[in-house]
């Protein structure tokens, strides 16, 4: 059972989507990059450090998925390092551990300020918890976890840090599905309630008899098509919903021979996704169930309750629907208002006060009971968002920097906050009431 004795206050953020960052040689950002706020993040963690010293309490900073966008790291290594498949030559490296570690180091090199700040943060006794999302499912792989800790220890801890092994061992935590504290909080990314991005075997997301990962349909869309669209329009991934971008600019894209070529390749690749045998599916299901049991034991959750929550997952469209319906879903699917409903069910099963979910990039807050003490929150994003909703544009800036804060010595009250870098502090997020 996971020790819950720490009195750490909690900060939760999600959907940072770090990819290649700033090229150390050219000093320019890759066109697929969505996170341009390394210096702001550095100052945010410095603020948390100051608050920790002032209040004499440590933090647990929880990344609720998609901290990294491994799908959008498309730089290729020199010929001597890896033998590349044709698809990797065209679309970047795959998901095997050795290739993912190479991509991880590229990402960290491009965001060195971010990780130096993180190294300073954990060296002071704070904790950093990483929940896997659909864009960084690679964090579930033990080799990737080990490599990240090693890279942090070797490169990003402050000079002179005493006992660096202990710092990274104690300071960096990995969670494949959720983070939980009894009676208080459940945090997960939320892709499991979105069939375009869900994993049928989240706790063992491998292809049968392979060290490569079984990616969902949304990952195919990003890797084989949308990355190429962003090479023409770097802001394409920042318009929400994505369908709004496609509706407005689809005609222009159809006049691009290069995009049309990649669209055809994308359709060919999706059409080759094979059905797995019953024996293979039985093996994956068994390994996934073992993972669920391990998480139940880790957190001291009743296994039947955790299995009931698992049954809320939406089956992956890519592996459970026909090809034509899948292709339609790539361009029209929107998750809808499912997250508050799922949060309410999870809350009732576990009896926690707060359910935090990310994934949609849409900041949200809702009271789930009559006395106002049970709440659902969406932790939004730190990337730039160009909303098509006029109400959203009225209250929110393009760059949100959202975080959720829970101070345990102040009645465990949840605050949904926005980091105001120019002020050096956070402020409460402004939200409209729901429409009648």
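The values are calculated or read from the model by the stated rules, or taken from the named source; none is laboratory data. Please read these numbers as outputs of a predicted model, since none were measured by experiment. All Cβ positions, glycine included, derive from the backbone under ideal geometry; neighbour counts span all protein chains shown.
Do we find that residue 270 is closer than 18 Å to residue 199 by Cα, touching a residue at least 24 places away in the same chain (Cβ under 8 Å) and either touching a strand residue (DSSP E or B) at 6+ places or on another chain (Cβ under 7 Å) or part of a helix (DSSP H, G or I) (or both) in this structure? It is true that residue 270 is closer than 18 Å to residue 199 by Cα, touching a residue at least 24 places away in the same chain (Cβ under 8 Å) and either touching a strand residue (DSSP E or B) at 6+ places or on another chain (Cβ under 7 Å) or part of a helix (DSSP H, G or I) (or both). Here 357, 402 are screened, and the one residue that is at pLDDT 80 or above, under 15 Å from residue 186 (Cα atoms), crowded, with 23+ Cβ neighbours inside 10 Å and in contact with a strand residue (DSSP E or B) (Cβ under 8 Å, 6 or more places away or on another chain) is 357. Across region 344-375, the number of residues qualifying as out of contact with any helix residue (DSSP H, G or I) (no Cβ under 8 Å at 6 or more places or on another chain), farther than 30 Å from residue 68 by Cβ and in a loop (DSSP other than H, G, I, E, B) comes to 6. Of everything in region 122-148, what is assigned to a helix (DSSP H, G or I), farther than 20 Å from residue 21 by Cα and in contact with a strand residue (DSSP E or B) (Cβ under 7 Å, 6 or more places away or on another chain)? Give them in sequence order. Answer for region 122-148, where residues must be assigned to a helix (DSSP H, G or I), farther than 20 Å from residue 21 by Cα and in contact with a strand residue (DSSP E or B) (Cβ under 7 Å, 6 or more places away or on another chain): 122, 145.
Does residue 53 fit the bill of being out of contact with any strand residue (DSSP E or B) (no Cβ under 8 Å at 6 or more places or on another chain), closer than 28 Å to residue 213 by Cα, at pLDDT below 95 and surrounded by fewer than 21 Cβ atoms within 10 Å (Cβ to Cβ)? So residue 53 does not fit the description; no. Residue 284 falls short on exactly one of the conditions (1) loosely packed, with under 14 Cβ neighbours inside 10 Å; (2) in contact with a strand residue (DSSP E or B) (Cβ under 8 Å, 6 or more places away or on another chain), and that condition is (1).
On the given criteria, is residue 397 at pLDDT 90 or above and part of a loop (DSSP other than H, G, I, E, B)? For residue 397, the condition - at pLDDT 90 or above and part of a loop (DSSP other than H, G, I, E, B) - is not met. If you go through region 100-141 and keep only what is in contact with a helix residue (DSSP H, G or I) (Cβ under 8 Å, 6 or more places away or on another chain) and over 26 Å from residue 11 (Cβ atoms), you end up with 100, 101, 103, 105.
When residue 270 is tested against (1) within 22 Å of residue 134 (Cβ to Cβ); (2) loosely packed, with under 12 Cβ neighbours inside 10 Å, just one condition goes unmet, and that condition is (2). Across region 57-68, not a single residue is classified as farther than 26 Å from residue 412 by Cα, in a helix (DSSP H, G or I) and under 22 Å from the mean Cα position of the chain (by Cα). Scanning region 298-326 for residues that are in contact with a helix residue (DSSP H, G or I) (Cβ under 8 Å, 6 or more places away or on another chain) and part of a helix (DSSP H, G or I) yields a count of 12.
If the condition is being surrounded by fewer than 21 Cβ atoms within 10 Å (Cβ to Cβ) and in contact (Cβ under 8 Å) with a residue 24 or more places away in the chain, then region 78-91 contributes 87, 90. Within the group 54, 43, 75, which residue is over 19 Å from the mean Cα position of the chain (by Cα) and in a loop (DSSP other than H, G, I, E, B)? Unique residue meeting the criteria: 75. The numbered conditions (1) more than 17 Å from residue 31 (Cα to Cα); (2) modelled with pLDDT under 80; (3) out of contact with any helix residue (DSSP H, G or I) (no Cβ under 7 Å at 6 or more places or on another chain) are all true for residue 263 except (3).
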